[in-house]
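Data first, discussion second: the structure below is written as C-alpha cells.
The values are calculated or read from the model by the stated rules, or taken from the named source; none is laboratory data. Treat the numbers as computed from the prediction; the structure is a model and nothing was measured. Note that we place each Cβ from the backbone using ideal geometry, even for glycine, and neighbour counts take in every protein chain shown. Note: accessible area is taken over every heavy atom of the protein model, side chains too, but ligands, DNA and RNA are not part of it. Shrake-Rupley method; radii C 1.70, N 1.55, O 1.52, S 1.80 Å.
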Amino acid sequence: EEAGVELGEADYTFPTAQSILQSGDTIEVIRVSSEYRFEDEEIPFQTVYQQSDELVLDSKAVLSNGVAGIKRRQIRLIFENGVQIGEELEEEWIEQEPVNQVIGYGTKINLGVVDTPEGPREYWRVVHMRATAYTAASSGKEPDHPSYGITASGRPAGTGVVAVDPNVVPFRSEVFVPDYGIGFVGDTGGGVKGRWIDLGYD
C-alpha cells in the first residue's frame, strides 16, 4: 500500500498480506488474469423416414437435409504473471439444435403392363430377387409321406407354384418372373426369407 501497488481481485502476494514483514523483505506480487477459449462439438443429426405419396412405391428420396447441431463450451484459461497455469470448464450449452434429415419412401402405386405368354398383365410392383428352383423331390419329404408334394396353400408342388416370404409378397397372390412365367405364391418354404423366390418345377 505504501508503494502504491494495487492488487486486482484475483491477485495475491508472497508473503501474504497477513504476514509480519521484516526490514529488507521482498514482496512478490502475483498478477492473476484470465482468458476464454470456446470449443464447439458437433452434434450428429438423426435420419427419420416418412411416407410420401408423391414418390413411386419402393423409391426413396431426401425430403430435407439434416443439419448438425453445435454444443459449445466456454473454458477459462488462468494465467499467473503471464504464464498459463491451468484451465477450467466454466459453462457449456447447446448453441444450435440438430435438424433431422428426412428421407421419404414412396407409397404411390403406378400400374404397369407386362407381356406374358398368357397375354398382357397389369402389375403394381417390381421386386428384384434371388431366384432358386425346387421340386417336390427336393422339398425334404419322402415320396411315401402324406404331405409329399403338397405346398402351404394345399396345391401340389410343380411348375407355376412359387415360394416367397409372405412379408415381401402377399401369400396366394400372383407374380410374373421373366423366363419363367406367371407364378402362384402358394408356398413359403422354411428358409425362404427376404427377397428370395423359390421357383417350383415339375
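Remark: relative contact order (the chain) = 16 percent; criterion is Cα-Cα distance under 8 angstrom and separation of 6 or more residues.
What a 1.4 Å probe finds exposed on the range 111-199 is 52% carbon and sulfur by accessible area, rounded to a whole percent. Considering only I85, I94, I75, the Gaussian network model of the chain with Cα springs below 10 Å gives its largest mean-square fluctuation to I85. Based on alpha-carbon atoms, the Kirkwood radius and the radius of gyration of the range 59-141 give Rg/Rh equal to 1.50. Take the convex hull of the alpha carbons in the range 12-58; its mean projected area over all directions comes to 7.4 nm². Over the chain, what portion of Cα pair distances is larger than 21 Å, expressed as a whole percent? Distances greater than 21 Å cover 73 percent of the Cα pairs.
Our summary of shape: the Cα atoms of the range 1-114 have principal axis extents of 109, 17, 17 Å, ordered from largest down, in whole angstrom. Between R172 and I94, full extension at 0.36 nm per residue minus the direct alpha carbon distance yields a gain of 22.7 nm. Fully extending the segment from E6 to E80 would add 25.0 nm, taking 0.36 nm per residue of separation and subtracting the current Cα-Cα distance.
Computed from label points 7 Å out along Cα-Cβ, the spacing between Y201 and I103 is 3.7 nm.
Whole number in Å², please: accessible area per residue of the range 79-202, 1.4 Å probe, ligands, DNA and RNA not counted. Present the calculation step by step, with values, prior to reporting the outcome.
Details: 7910 Å² over 124 residues.
Roughly 64 Å² per residue, with all protein chains present.
Provide the FRET efficiency to the nearest 0.05 for the R73-D25 pair, computing r from the beta carbons and using R0 = 45 Å. Efficiency, from the Cβ-Cβ distance: 0.55. A Förster radius of 41 Å combined with the Cβ-Cβ distance from D179 to V48 puts the calculated FRET efficiency at roughly 0.55. In the calculated pair-distance distribution of the range 96-202, the portion above 19 angstrom amounts to 51 percent of the Cα-Cα pairs.
Where Rh is the Kirkwood radius over the Cα pairs of the range 130-188, the temperature 20 °C and the viscosity 1.002 mPa s, what D in µm²/s does Stokes-Einstein return? Answer, rounded: 180 µm²/s.
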